[in-house]
Amino acid sequence: MTSKGTRYDTEQIEEIYREVKGYQLLDDSSSSSSELSSSPILHTAKNSLRRGLLALFSAPPTIKFAKSAKRDSLYLACVLYNKDRVMVTEEDRYLPLLEVENSYGTNATVTTAFNWLMKVNCHWSEINKLKHDMEKLNNVTSYSVKLLLLTALQQLQSLTGVQDLGMLHYQPIRDENTGAVVFVFVRQILDSKHFSFQQNLKWTTLVKFHKNTPRSDCLGSILSTELIMYREGSHQPVSPGLHLGYLQAELCNNGVLRVMVSSQSPNSLPSVKIRDNANVTKDEWKSLLELSSHCQQCTDNQSNKSKNLFKRQLVRATRKLMDYLNIPADVALRHEIYSCEVLEFSPRVSFIILLPPSPAICHQRSDAKLTYPTDTQINQETLRVPVKSFEVSHLHTYQPSFISSYTKAMLALDVEMTAALQAQREAFSRTEIETTKPLVEDLKAHNLTLENIWKEARWLTDVVRTAREKNYTGILVKALYQNLLNEHKGDTSQHYSTKEASCCQHQLTKSDQHKSNTNNCGTTNNADTMTSCNTSISNEELSDPEASDRVIPCALNYLDMGAFI
């Protein structure tokens, strides 16, 4: 059984970063004057120096916060809050907001800039150096928006007096009236008493801010309860142990792949805890794999109580997760457990993934033919987050050193690669051509290595792709329930009657005949029934195999009323 936890290769990334920085293509001090005079990079360095001299003798423009959103413009904003207060301008109506560009172009440009800004968000202390290196490269079209973003970030840092502006919100905020787009940074200021204000900023209460700024206003819609809750929840990992997570993705009309997450903990999938021990033994996992679609009727008479306890814990977690997401029993029995691996997010946190029926694992948002629960049916305490934003937030929480090293290496490689390609295009002599060609090849090899490392770390897309393959076989929830039922039917020591066993078998059979129908009893009655069943299954009973053996048969009886364990 493999685990993604072994694939976060931080050491290799750091080695690549050192090699990339060792080329020093943009480090003027590393070369002699004669070498610089013949280098293609010199022209851009001279241009940068000329621009610097012009800026030195010209008066800098006065920087002011924006008070309204212009049509089709791109903005940067920061939400700095402390408890129930937020930092605003003196008018009490405006957040710190700066215009980046008065016409951002296409949605693809916005998406590209946002994804790049997520990498910069990991390295606030490197902004000045990054901007300095990028300015040395002349006539690079792809850098125009990036340089404007870095300039706006420096201005926000200067005007607010805060270097670390916080976490970039998981998606841009768009004003429906003007088409303006805002990238928002969110940070909690813990010690507001020792905070020095800049440029006429002050604290005001959230209530007063929303009173002065209508929600219909773009600046008012930026600051929402969801925005602050997302920031606070995304910094909290789940409790140590083994968890059961629910994975469902959707492809939106704009081509963005989104994944369902819990609004209370958006850095992980909606989940429930199975047990405190995060490790799954080889025997435990093997006992689940035997329940694949080709072996649904197989039972292991030699299973020990440890294996059976693990299955009961998994069944109980499955029922709780389905109940939390408001998924009906007949649909729940057609779900599958991801059978390829247990995902290790950190040394103390592991996840077993629960998947909906194959068509619903990754679906088009406009697809109305599917029978799985829709957004209106699933628990409203969930969000649909772009996969790239989720991956960065997730790794920040569980693998911070990996995401920090990766983004640092990618930012450095991007600049050095651009410089090398420009030098190759401008190379004239045979010596220059022979020098730049192997350099470009080395950088491309480093880029390919980093891409492969990133693919290994992207467990979510791996799971979605694998589960949608035709030859993939998962572990049906129905098979897990059936196996547990058979275990009890074959054990005469259990306080479990033949009548109850027949009742459970009848319900499992009936669910196949009525997959698209719910049972006659209402959802409220089911929830009440399961709640009363929950109270009878305590943590102490689950940790005691003998006590759990006595409780599970009683719980199985609720299958006849549309509930399931």
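The values are calculated or read from the model by the stated rules, or taken from the named source; none is laboratory data. What you are looking at is a predicted structure, and each value in this text was computed from that prediction instead of being measured. Note that each Cβ is placed from the backbone with ideal geometry, even for glycine, and that neighbours are counted across all protein chains shown. Please note that ligands, DNA and RNA were not included when accessible areas were found on the heavy atoms of the full protein model with its side chains. Shrake-Rupley method; radii C 1.70, N 1.55, O 1.52, S 1.80 Å.
Within region 221-242, the set of residues being outside any loop (DSSP other than H, G, I, E, B), open to solvent by less than 10 Å² (accessible area, probe 1.4 Å) and touching a residue at least 60 places away in the same chain (Cβ under 8 Å) comprises 222, 227, 230, 241, 242. Of the strands (runs of 3 or more DSSP E) lying entirely inside region 50-165, those containing at least 1 residues that are in contact with a Phe, Trp or Tyr (Cβ under 9 Å, 6 or more places away or on another chain), within 19 Å of residue 411 (Cβ to Cβ) and modelled with pLDDT of 85 or more span 74-82, 97-101. Determine whether region 252-259 contains at least one residue that is of a type in the set (D, E, K, R), outside any helix (DSSP H, G or I), out of contact with any Gly (no Cβ under 9 Å at 6 or more places or on another chain) and modelled with pLDDT of 85 or more. Checked against the condition, which is being of a type in the set (D, E, K, R), outside any helix (DSSP H, G or I), out of contact with any Gly (no Cβ under 9 Å at 6 or more places or on another chain) and modelled with pLDDT of 85 or more, region 252-259 yields at least one hit. Selection of region 89-118 for residues being surrounded by fewer than 18 Cβ atoms within 10 Å (Cβ to Cβ), under 27 Å from the mean Cα position of the chain (by Cα) and in contact (Cβ under 8 Å) with a residue 40 or more places away in the chain yields 107, 110, 111, 115. Can you pull out every residue in region 4-33 that is at pLDDT below 65 and open to solvent by 80 Å² or more (accessible area, probe 1.4 Å)? Within region 4-33, 6, 29, 33 meet the criteria.
Filtering 251, 269 for residues that are under 27 Å from the mean Cα position of the chain (by Cα), under 22 Å from residue 357 (Cβ atoms), surrounded by fewer than 21 Cβ atoms within 10 Å (Cβ to Cβ) and not basic (Lys, Arg) leaves a single hit, 251.
Restricting attention to region 475-510, the residues being modelled with pLDDT under 90, outside any helix (DSSP H, G or I) and not aromatic (Phe, Trp, Tyr) number 7.
Consider region 328-338 and keep the residues that are open to solvent by less than 20 Å² (accessible area, probe 1.4 Å) and in a loop (DSSP other than H, G, I, E, B). The one that is nearest to residue 468 (Cα to Cα) is 338.
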